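Participant: Here you go, one structure.
Read the figures in this text as sums done on the coordinates, not as results from a lab. All of these numbers come straight from a predicted model, not from anything done at the bench. All Cβ positions, glycine included, derive from the backbone under ideal geometry; neighbour counts span all protein chains shown.
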Amino acid sequence: MKRFECRAVLFDLDGVLVDSASYIEEQWRRWATAKGLAPEPFLRVCHGRRALETIRLAAPQLDAEAEIAAFVHDAGNGNALKPVEGASRLLQTLPVGSWAVATSGTRTAATERLTDAGLPIPGVLVCAEDVVHGKPSPDVYLMAAAGLGIAPADCLVVEDAPAGIQAARSAGMGVVALTTTHRPEDLAADACTSSLAGIHLGRIERHARGPHFLELLVLET
């Protein structure tokens, strides 16, 4: 077990709070096939990245911005998304104002997925359209920390993808990785666990003024 101290927890969304990895991969398969492209290059880089960066990496011959502008929003495939194991419990135990979500998805997709999974919409939700540079740039995590009024060094990130871990590192934040979409050896985090069921809130120090002090305990895989 590893122990972490922080004042705020910043969550990625897909693969961390919502079990949406298969759904996202199927979206990319359909899109690539419709374009006459092999889906594998997109699947290798899509997790943790905005669609813009995914297209630029996997198909540099395309005009990524034009492709994004032509995207048709997919509200779902008819199957309800589920929360990652332990998500509901952990969010319920965290004090109000001590957590945020920073995702590479759009705001529309993020709110729909959280709602579909039965999870609350956080007061601070940073999405793809809120930043100029997506993960692995640290922008989304720095913006989430600023939204909570917490110094980056006092934030702990929960991620599932190498690009997101790199973003957290570049922001000067500690990071715990979930092995929901990648192997532990591919995740250069401070600790790895299989799901949010392996992360528990320990001690909370409540302050009349200023943010709470949080102790998180991680059962490593």
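Participant: Could you check what % of the DSSP bridge pairs in the range 5-128 are antiparallel, to the nearest 5?
Facilitator: The answer is about 25 percent antiparallel.
Participant: Still on this structure, please answer the following. Rounded, prolate or oblate: which fits the range 162-221 when a ≥ b ≥ c are the square roots of the eigenvalues of the alpha-carbon gyration tensor, with rounded for a/c under 1.5 and prolate only if a/b beats b/c?
Facilitator: Values: a/c = 3.48, a/b = 1.59, b/c = 2.18.
Oblate is the answer for the range 162-221, as a/c is 1.5 or above yet b/c matches or exceeds a/b.
Participant: Of the candidates ALA51, ALA21, ALA146, which one comes out as most mobile in a Gaussian network treatment of the chain with C-alpha springs shorter than 10 Å?
Facilitator: Greatest mean-square fluctuation among the candidates belongs to ALA146.
Participant: Lys and Arg at +1, Asp and Glu at -1: add these up for the other residues within a Cβ distance under 10 Å of ARG107 and post the number. Kindly include the intermediate steps, with their values, before the conclusion.
Facilitator: Working: positive: none; negative: GLU112, GLU129, ASP130.
Local charge sum for ARG107: -3.
Participant: Express in nm, to one decimal, how much length is gained between ALA146 and ARG183 on full extension, taking 0.36 nm for each residue of separation and deducting their alpha carbon distance. Write out the running numbers ahead of the final one.
Facilitator: Details: separation 37, 0.36 × 37 = 13.32 nm, distance 3.09 nm.
Computed gain between ALA146 and ARG183 is 10.2 nm.
Participant: Using r as the Cβ-Cβ distance of LYS2 and ARG107, and R0 as 45 Å, what FRET efficiency do you calculate, to the nearest 0.05?
Facilitator: In this case the efficiency is close to 0.85.
Participant: Another one. Is the shape of the range 112-221 rounded, prolate or oblate, going by the alpha carbon gyration tensor and its root eigenvalues a ≥ b ≥ c, with a/c under 1.5 for rounded and a/b larger than b/c for prolate? Could you put the intermediate results ahead of the total?
Facilitator: Values: a/c = 1.31, a/b = 1.07, b/c = 1.23.
It comes out rounded by the Cα gyration axes.
Participant: Can you list which of the DSSP-assigned H helices in the chain have a Cα extent of 18 Å or more along the long axis and an average Kyte-Doolittle score of at least 0.0? Provide the component values of the computation, followed by the final result.
Facilitator: On the way: long enough: 21-34 (20 Å, -1.01).
The answer is none, since no helix passes both cut-offs.
Participant: Still on this structure, please answer the following. Compute the Cα gyration tensor for the range 60-163, then decide on rounded, prolate or oblate, letting a ≥ b ≥ c be the square roots of its eigenvalues: rounded whenever a/c is under 1.5, prolate when a/b is larger than b/c in the other cases, and oblate in all that remain.
Facilitator: Details: a/c = 2.15, a/b = 1.22, b/c = 1.77.
It is oblate, given that a/c is not under 1.5 and a/b is not larger than b/c.
Participant: While we're here: Rg(Cα) of the chain divided by 2.2 N^0.38 Å? Present the calculation step by step, with values, prior to reporting the outcome.
Facilitator: Details: Rg = 16.9 Å, N = 221, 2.2 N^0.38 = 17.1 Å.
Taking N as the residue count of the chain, the ratio is 0.99.
Participant: With both bridge residues required to lie in the range 165-221, what share of the DSSP beta bridges run antiparallel, to the nearest 5%?
Facilitator: Details: 5 of 8 bridges.
Antiparallel: roughly 60 percent of the beta bridges in the range 165-221.
Participant: Which net charge results for the neighbourhood of GLU215, defined as the other residues with beta-carbon distances under 10 angstrom from its beta-carbon, given Lys and Arg at +1 and Asp and Glu at -1?
Facilitator: Working: positive: ARG3, ARG203; negative: GLU5, GLU205.
With Lys, Arg at +1 and Asp, Glu at -1, the net is 0.
Participant: With +1 on each Lys and Arg Cβ and -1 on each Asp and Glu Cβ, how big is the dipole of the chain about its Cα centre, in debye rounded to the nearest 20?
Facilitator: Details: 20 positive and 27 negative charges, 74 e Å.
Computed charge dipole of the chain: roughly 360 debye.
Participant: Given the range 83-221, what percent of its DSSP beta bridges are antiparallel, to the nearest 5? Write down the numbers at each step before the final one.
Facilitator: Numbers: 5 of 14 bridges.
Bridges in the range 83-221 are about 35 percent antiparallel.
Participant: Give me the number: length gained by fully extending ILE204 to ARG89, i.e. 0.36 nm times residue separation minus the C-alpha to C-alpha distance, one decimal in nm.
Facilitator: That pair, ILE204 and ARG89, stretches by 39.8 nm at full extension.
Participant: Here's a follow-up. Below 8 Å, C-alpha to C-alpha, sequence gap of six or more: please give me the relative contact order for the chain in percent.
Facilitator: Values: 428 pairs, mean separation 63.0, N = 221.
Rounded, it is 29 percent for the chain.
Participant: Here is a follow-up. Can you show me the helix-derived [θ] at 222 nm for the chain, built from DSSP H runs with n ≥ 4 at -39,500 (n - 2.57) apiece and divided by the number of residues, rounded to the nearest 500. Write down the numbers at each step before the final one.
Facilitator: Values: 8 runs with 70 residues, N = 221.
When only DSSP H runs of four or more count, the value is -9000 deg cm²/dmol.
Participant: What residues have an amide H closer than 5 Å to that of GLU85, excluding those fewer than 5 places away on the same chain, when H is modeled at 1.01 Å from N in the peptide plane?
Facilitator: Here LEU196 satisfy the definition.
Participant: Starting from the range 139-221, pick out the trypsin sites (Lys or Arg not before Pro) whose DSSP state is loop and whose Cβ has at most 15 other Cβ atoms within 10 Å. Could the numbers behind the result be given before it?
Facilitator: Working: sites: ARG169, ARG203, ARG206, ARG209; in loops: ARG206, ARG209.
Passing sites in the range 139-221 are ARG206, ARG209.
Participant: In the neighborhood of ASP130, defined by Cβ-to-Cβ distances under 12 Å, what is the net charge if each Lys or Arg adds +1 and each Asp or Glu adds -1? Walk me through the numbers on the way to the answer.
Facilitator: Working: positive: ARG50, ARG107; negative: GLU129, ASP139.
Taking every Cβ under 12 Å from that of ASP130, the sum is 0.
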